[in-house]
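These notes concern the structure reproduced below.
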Amino acid sequence: MGGGKISVIVPVLNEERDLRRCLSTLGLTGGEELIVADGGSADATVSIAGQFTGKVVSSRRGRAAQMNAGAEAASGDILLFLHADCVLPAGGFGAVRRALSDEGVVAGGFWLSIEHPALRFRIIERGANLRSYLTRLIYGDQGMFLRRETFRELGGYAPIPLMEDVEISQRLRRRGRITFVGPPVRTLPRRWLREGALLTTLRDWRRALSFTMFRASPEELARRYRDVR
């Protein structure tokens, strides 16, 4: 099954600056629906979301909880999780459906591109995409997609403060093949620009290795990591 209805789920928290860009470029048709899952925004995020969809759900703060709440409200056969600072490529819905038409594919994500012309961001992109190719782990800014039935069988995202994308990818990887599709999702460089490209990249890789290789707890990693928007 790969031709069903797609539910796009966007977790948000104080995203008024970038949310309109994300939602206005989706190009929804009758075969898709949009669900925005808010974690208690104090700005105009909820108002902006309401201009694009009647399905704006509230949950406790935290991407895992918000995405689970969005999935609970979904009516689609396929769930597509998209961050608010990302733009789905033209033809993205078709790529998702084609990927999941293969019964051996359990889930997938998009290749990643960063919207900045500097060479250092091309290097970061290539490193991130190589990591995904080798590990078959889908990170949050890559637009994870999977069948709603599979998501429910897994029990959704684990209730952890960090690394929920990697944790569910590990469980998915044991069930079948994970694939990556293009054209890539485009993400804003705001984290890298705020803290520095090298520092942010090294921190992200260190955190991922700590979780996947050295079994560091998400709670411990969350204490070390400050969310930057």
### Message
Which GluC sites (Glu not before Pro) in region 106-184 sit in a loop by DSSP (not H, G, I, E or B) and have at most 15 other Cβ atoms within 10 Å of their own Cβ?
### Response
E115
### Mean Cβ neighbour count within 10 Å, used as a protection proxy, ranking 58-68, 138-148 highest first
138-148, 58-68
### Query
Quick one: length gained pulling L199 to L130 fully straight, 0.36 nm per residue minus the C-alpha distance?
22.9 nm
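Whenever you get a sec, compute what percent of the accessible area on the chain sits on carbon and sulfur atoms (1.4 Å probe).
Details: 5610 of 10310 Å².
The C+S portion of the solvent-accessible surface of the chain is 54 percent.
How big is the antiparallel share of DSSP beta bridges in the chain, given as a percent to the nearest 5?
Details: 7 of 29 bridges.
In the chain, DSSP labels about 25 percent of beta bridges as antiparallel.
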### Query
Using unit Cβ charges (K, R positive; D, E negative) and no other charged atoms, how large, in debye to the nearest 20, is the dipole of the chain about its Cα centre?
700 debye
### Message
How would region 107-171 be classified by its alpha-carbon gyration tensor: rounded, prolate or oblate, with rounded meaning a/c under 1.5 and the a/b versus b/c comparison settling the rest?
### Response
prolate
### Summary
Shape call for region 66-157, from the Cα gyration tensor axes a ≥ b ≥ c (a/c under 1.5 means rounded, otherwise prolate when a/b beats b/c, else oblate), comes out prolate
#### Entry: Cα→Cβ-extended label distance, 7 Å offset, between R223 and A90, nm
5.0 nm
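Which FRET efficiency value, to the nearest 0.05, is calculated for R21 and R174 with the Förster distance at 35 angstrom and r the Cβ-Cβ distance?
Working: r = 36 Å, r/R0 = 1.02.
With a Förster radius of 35 Å, E is 0.45.
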### Task
Would you mind telling me the antiparallel percentage of the DSSP bridges in region 1-92, rounded to 5?
0 percent
### Query
Taking a ≥ b ≥ c as the square roots of the eigenvalues of the Cα gyration tensor of region 1-69, is the shape rounded (a/c under 1.5), prolate (a/b larger than b/c) or oblate?
oblate
#### Entry: Inter-probe distance in nm under a simple model that places probes 7 Å from Cα toward Cβ, at A44 and E149
4.3 nm
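In Å², what does the accessible area per residue of the chain work out to with a 1.4 Å probe?
Details: 10310 Å² over 229 residues.
That works out to 45 Å² for each residue.
The values are calculated or read from the model by the stated rules, or taken from the named source; none is laboratory data. Since the structure is predicted, the reported quantities are computational estimates derived from the model, not experimental observations. Cβ: placed from backbone, ideal geometry, glycine included. Neighbour counts: every protein chain shown. For the accessible areas, the whole protein counts, side chains as well, though only heavy atoms, and no ligand, DNA or RNA atoms are used. Shrake-Rupley method; radii C 1.70, N 1.55, O 1.52, S 1.80 Å.
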